[in-house]
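Below is one structure; the comments refer to it alone.
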Amino acid sequence: MVEPNQLSGFSIFADMPSEIIAAIARNATLKSYKTGVVLFEEGDMATELYGLLEGEVALSVLFRDRVLKAEVRHEEYVHKRVEIIEKEMVFEPVAPGEIFAWSALIAPHQLTSTATCTEPIQLIALPVDALEAIFERAPQAGAVFMKRLAEVIAQRLRHRTDKLIESWYQAFGEERL
């Protein structure tokens, strides 16, 4: 069972009325995972928002690139094939006190990254249907929550964009930026 004071360490819940925090805590569950566990993969459907209590989770995306490969066989025959190269890029670690899997709250509820435990973790799982029901009954608290959620999404988008620009620069150099 989740205690209301465990939610107080998350800035997204800061200054919310105690009855709202208590309702959220009643619907939440504690979960623990070991290092190396993949909590979810990019593209999975999301039904829970997570708040990290202990440990660290790496958020990553998988890039797929198609490369044309040509092999000369004999003098007149060229064999062509397309090879798909996959590369995982970690763009942000999630630290205690932060939320992740926000896609559960935004249609189409499909996760935009893969989450992997980089050390043992403990998290709070918040079912989205329960959160939505609570915020329907308390729209002011819901509006504050969604504003803070938008800030989290904007920060993650900035980090992802910065990481992509850095990778592009490393791959193609300054002249292609």
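Summary table
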item: Residue, most open to solvent (accessible area, probe 1.4 Å), within segment 1-27, restricted to residues that are in a helix (DSSP H, G or I) and polar (S, T, N, Q); result: Asn5
item: Condition check for Glu136: more than 25 Å from Phe63 (Cβ to Cβ) and of a type in the set (D, E, K, R); result: yes
item: Residue in segment 33-41 that is farther than 30 Å from Ala138 by Cβ, among the hydroxyl-bearing types (Ser, Thr, Tyr), open to solvent by 80 Å² or more (accessible area, probe 1.4 Å) and free of Cβ contacts under 8 Å to residues at least 40 places away in the same chain present; result: no
item: Residue ranges of strands (runs of 3 or more DSSP E) in segment 73-162 with at least 2 members free of Cβ contacts under 8 Å to residues at least 60 places away in the same chain and loosely packed, with under 12 Cβ neighbours inside 10 Å; result: 77-94
item: For Leu30: the one exception among (1) under 23 Å from Ala133 (Cβ atoms); (2) open to solvent by 40 Å² or more (accessible area, probe 1.4 Å); (3) not in a strand (DSSP E or B); result: (3)
item: Cβ pairs under 8 Å, 6+ apart, first in segment 1-30 and on the phi > 0 side of the Ramachandran plot, second modelled with pLDDT of 95 or more and part of a loop (DSSP other than H, G, I, E, B); result: none
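The values are calculated or read from the model by the stated rules, or taken from the named source; none is laboratory data. Just so you know, these numbers come straight off a predicted model, no measurement behind them. Virtual Cβ from ideal backbone geometry, glycine too; neighbours counted across all protein chains shown. Ligands, DNA and RNA are stripped out before the accessible areas are found, and what is left, the full protein with its side chains, is counted by its heavy atoms. Shrake-Rupley method; radii C 1.70, N 1.55, O 1.52, S 1.80 Å.
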